[in-house]
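Undergrad: Dropping the structure in here first, questions after.
The values are calculated or read from the model by the stated rules, or taken from the named source; none is laboratory data. Predicted model only: the values in this text are computed from it and were never measured. Note that we place each Cβ from the backbone using ideal geometry, even for glycine, and neighbour counts take in every protein chain shown. Each accessible area value is taken on the protein alone, full model and side chains, heavy atoms only, with ligands, DNA and RNA left out. Shrake-Rupley method; radii C 1.70, N 1.55, O 1.52, S 1.80 Å.
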Amino acid sequence: MKTNQDRICELRERSILEASELEILLRTMTAEDAEALYEAARAVKAAHYGNAVFLRGLIEFTNYCRNNCLYCGIRRDNRNAQRYRLTDGEILDCCDKGYGLGFRTFVLQGGEDPANTEERIAALVREIKRRHPDCAVTLSVGERTRACYKTWYRAGADRYLLRQETSNPTHYGKLHPPELTIENRKRCLDELKQIGYQVGCGIMVGSPFQTVENIVEDLLYMHDFQPQMVGIGPFIPHQDTPFRDMPAGTLEDTLHLLGVIRLMLPKVLLPATTALGTIHPRGRELGILAGANVVMPNLSPVTVREKYMLYDGKICTGDEAAECRRCMEQRIESVGCRVVVDRGDCAGFSPRRDAEVL
Ligand code: SAH
């Protein structure tokens, strides 16, 4: 009889399991199994990254969005959202301040704002790279054309975050309006990877209507896609969305998946997300202990923090960047890791900056 401990050993050795075996593991994981999983995940992480945790400075630069995702607090139909858009100057100030605090990656995230023109984002990326040539720039502004992604890569963008949210088409349809499709989302992910970005995909844990089969499908999709980054955090309902009464994803399910993903993608850059810190006071520390190696403190001006509300109860909306940095350092050290001042590229990744792309 195969036990979960056997499944965990096999996953650690081969980075893959049959769908049916992954399903059993997720459905029957005991607290003791989970400890064995996290221990394996920490060992695999240490083999590639030691005890380093990478910092990303998150700049939530616009909450205007043309999309209407059913789970998201900044969806188009949410009339209660107070919309804001940072100016180029404000975004650059966040980067300058972040640089002084030891950040060497800036993540520009936002809704699909029509003001995010190809030219504007390209100019912004160029200016950040001119001021901080030793830093990486990550974009997370949704679905665009291949030509646009290529322009931004040429401008100097290094990484792109675009969670698939769920790779199952039926489930995707329950979370999104009909004009959004998983086919287009995957097309974007494929193109970003072909162009040369370090690419991040990912899911929300416990999103409405999600089944264990859906999660297994996502795990296999991600193993097949081989992203450099994976963003996973619990779904948390937002009061002004159609999913206001849906239950949040759990701490345990999220930690289990962080551990499993670390074993399936040993070198992946895996954040302990703000959403995880929102559902449990030590969620991010527990995330690091389960296999995560990235944290993304907020660098946005405190004046707009409350307005980038993807879900209810989001933490750290009142803290200045410097406080976030200090607080994060203490949390990371409390679990035996250390914050490094480094771009924190994916181990073994060599960026394509050759003539063909540039
Ligand atoms: N517009 C960009 C950035 C989206 S916001 C894009 O389309 O990629 C970043 C992530 O927040 C989303 O990918 C989603 O997984 C997550 N998110 C949105 N609403 C959420 C909620 N209610 N609970 C938890 N995570 C949420």
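Undergrad: Name the single residue, out of those in the range 284-339 being over 25 Å from D113 (Cα atoms) and touching a Pro at 6+ places or on another chain (Cβ under 7 Å), that is most open to solvent (accessible area, probe 1.4 Å). Even if it seems obvious, please write down each step before you answer.
TA: Within the range 284-339, the first condition is being over 25 Å from D113 (Cα atoms), and the residues that meet it are 284-295, 319-320, 322-339.
If we keep only those that are touching a Pro at 6+ places or on another chain (Cβ under 7 Å) as well, we get 292, 294-295, 324-325, 328.
Details: A292: 0, V294: 5, V295: 2, C324: 6, R325: 34, M328: 11 Å².
Across the range 284-339, the extreme among qualifying residues is R325.
Undergrad: Then there is this: Of everything in the range 54-98, what is aliphatic (A, V, I, L, M), under 19 Å from the mean Cα position of the chain (by Cα) and away from the ligand (no atom under 12 Å from the Cβ)? Give them in sequence order.
TA: Once the filter is applied, which keeps residues that are aliphatic (A, V, I, L, M), under 19 Å from the mean Cα position of the chain (by Cα) and away from the ligand (no atom under 12 Å from the Cβ), the range 54-98 yields L55, I59.
Undergrad: Would you be able to tell me the number of residues in the range 166-181 that are buried (at least 20 other Cβ atoms within 10 Å of the Cβ), free of Cβ contacts under 8 Å to residues at least 60 places away in the same chain and in a helix (DSSP H, G or I)?
TA: Of the residues in the range 166-181, 1 are buried (at least 20 other Cβ atoms within 10 Å of the Cβ), free of Cβ contacts under 8 Å to residues at least 60 places away in the same chain and in a helix (DSSP H, G or I).
Undergrad: OK, next. Taking the range 152-194, which residues are of a type in the set (F, W, Y) and within 15 Å of the ligand (Cβ to nearest atom)? Outline the logic, then answer.
TA: Start the filter on the range 152-194 by keeping residues that are of a type in the set (F, W, Y), which leaves 152-153, 160, 172.
Answer for the range 152-194, where residues must be of a type in the set (F, W, Y) and within 15 Å of the ligand (Cβ to nearest atom): W152, Y160, Y172.
Undergrad: Restricting to the range 234-254, give me the number of residues that are open to solvent by 60 Å² or more (accessible area, probe 1.4 Å) and either away from the ligand (no atom under 14 Å from the Cβ) or in a helix (DSSP H, G or I) (or both).
TA: 2
Undergrad: Here's another thing I want to ask about it. Taking the criterion of being among the hydrophobic types (A, V, I, L, M, F, W, C), surrounded by fewer than 22 Cβ atoms within 10 Å (Cβ to Cβ) and within 24 Å of K45 (Cα to Cα), would at least one residue in the range 184-200 satisfy it?
TA: no
Undergrad: Right, S207: open to solvent by less than 30 Å² (accessible area, probe 1.4 Å) and away from the ligand (no atom under 11 Å from the Cβ) or not?
TA: Working: open to solvent by less than 30 Å² (accessible area, probe 1.4 Å): yes; away from the ligand (no atom under 11 Å from the Cβ): no.
Answer is no for this residue.
Undergrad: Would you point out the residue of the range 215-233, among those that are of a type outside the set (D, E) and without any contact (Cβ under 8 Å) to a residue 40 or more places away in the chain, that is nearest to the ligand (Cβ to nearest atom)? Break it down into steps so the answer makes sense when it comes.
TA: As a first pass, look at the range 215-233 and keep what is of a type outside the set (D, E): 215-216, 219-223, 225-233.
Still in the list and also without any contact (Cβ under 8 Å) to a residue 40 or more places away in the chain: 225-226.
Details: F225: 16, Q226: 19 Å.
The qualifying residue nearest to the ligand (Cβ to nearest atom) is F225.
Undergrad: What pairs come out if I take residues in the range 108-119 that are more than 6 Å from the ligand (Cβ to nearest atom) and pair them with residues that are part of a loop (DSSP other than H, G, I, E, B) whose C-beta lies under 6 Å away, six or more apart or interchain?
TA: G110/V141; D113/Y64; N116/V141
Undergrad: Taking the stated definitions as given, is R131 among the basic types (K, R) and in contact (Cβ under 8 Å) with a residue 40 or more places away in the chain?
TA: Values: among the basic types (K, R): yes; in contact (Cβ under 8 Å) with a residue 40 or more places away in the chain: no.
So R131 fails the test.
Undergrad: State whether the residues of the range 255-265 include one that is more than 16 Å from the ligand (Cβ to nearest atom), under 18 Å from F54 (Cβ atoms) and part of a helix (DSSP H, G or I).
TA: Within the range 255-265, one or more residues are more than 16 Å from the ligand (Cβ to nearest atom), under 18 Å from F54 (Cβ atoms) and part of a helix (DSSP H, G or I).
Undergrad: Here are some conditions: (1) modelled with pLDDT under 95; (2) assigned to a loop (DSSP other than H, G, I, E, B); (3) open to solvent by less than 60 Å² (accessible area, probe 1.4 Å). R352 meets all but one. Which one does it not meet?
TA: Condition not satisfied by R352: (3).
Undergrad: Also, I was wondering about something else. Let me confirm something: among L58, L70, which residue is farther than 30 Å from K129 by Cβ and either part of a strand (DSSP E or B) or touching a residue at least 40 places away in the same chain (Cβ under 8 Å) (or both)? Walk me through how you get there before you give the answer.
TA: On the way: L58 fails: farther than 30 Å from K129 by Cβ.
After applying the criteria, what remains is L70.
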